[in-house]
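Read the structure below first, then the notes.
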Amino acid sequence: MRLVSFTESDQKPRPGALQGDRVVDLSDQLGDIRELIEGGPELQHSVYEFLGFLGKAHSQFSPTQVSLLPPILNPPRIFCLDRNSSGDTEGSYYLPEAPVSTERPAFGGGVAKTHPTARL
């Protein structure tokens, strides 16, 4: 199962789950996928239970009937890992002691903030 956001003929974004060859509409359970992630384990468990007991009565679509959107429509931030090049020769890269991440606002301008990232 994969979590998705999608639109159907009404063009209203809805949360859903891709199960096999069907997109299951979760808009009766959630406002959006971000709500599911922020809702914690109890909400996630109830949605997974709902998906496990699906009957034909719930809205299900073929992926060809809907337009798939990014799963999270309104991310609070976007994290990127940087790859540093020494610039001397093609394919020669500098490897920092710890990965470096860059935080950018999800929408709009702003200055990137660079943070060292802890090794896992």
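Nothing in this text is a laboratory measurement; each read-out follows from the coordinates by a stated rule. Computed from a prediction, not measured in an experiment: that's the story for all the values here. Because the Cβ atoms are built from the backbone with ideal geometry, glycine has one as well, and the counts that use them run over all protein chains shown.
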Quiz item: Could you give the alpha-carbon Rg of region 1-54 over 2.2 N^0.38 Å, rounded to two decimals?
Solution: 1.07
Quiz prompt | Distance (nanometres) between label positions extended 7 Å along Cα→Cβ at residue 59 and residue 8 | solution = 0.4 nm
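I need the calculated FRET efficiency for the pair residue 73 and residue 28, taking r as the beta carbon distance and R₀ as 22 Å, to the nearest 0.05.
E(calc), rounded to 0.05, equals 0.75.
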Exercise. Could I have the simple spin-label model distance between residue 38 and residue 21, label points 7 Å from Cα toward Cβ, reported in nm to one decimal?
Key: 3.7 nm
Exercise. Report the local net charge at residue 23: Lys and Arg +1, Asp and Glu -1, summed over other residues whose C-beta lies under 10 Å from its C-beta.
Key: 0
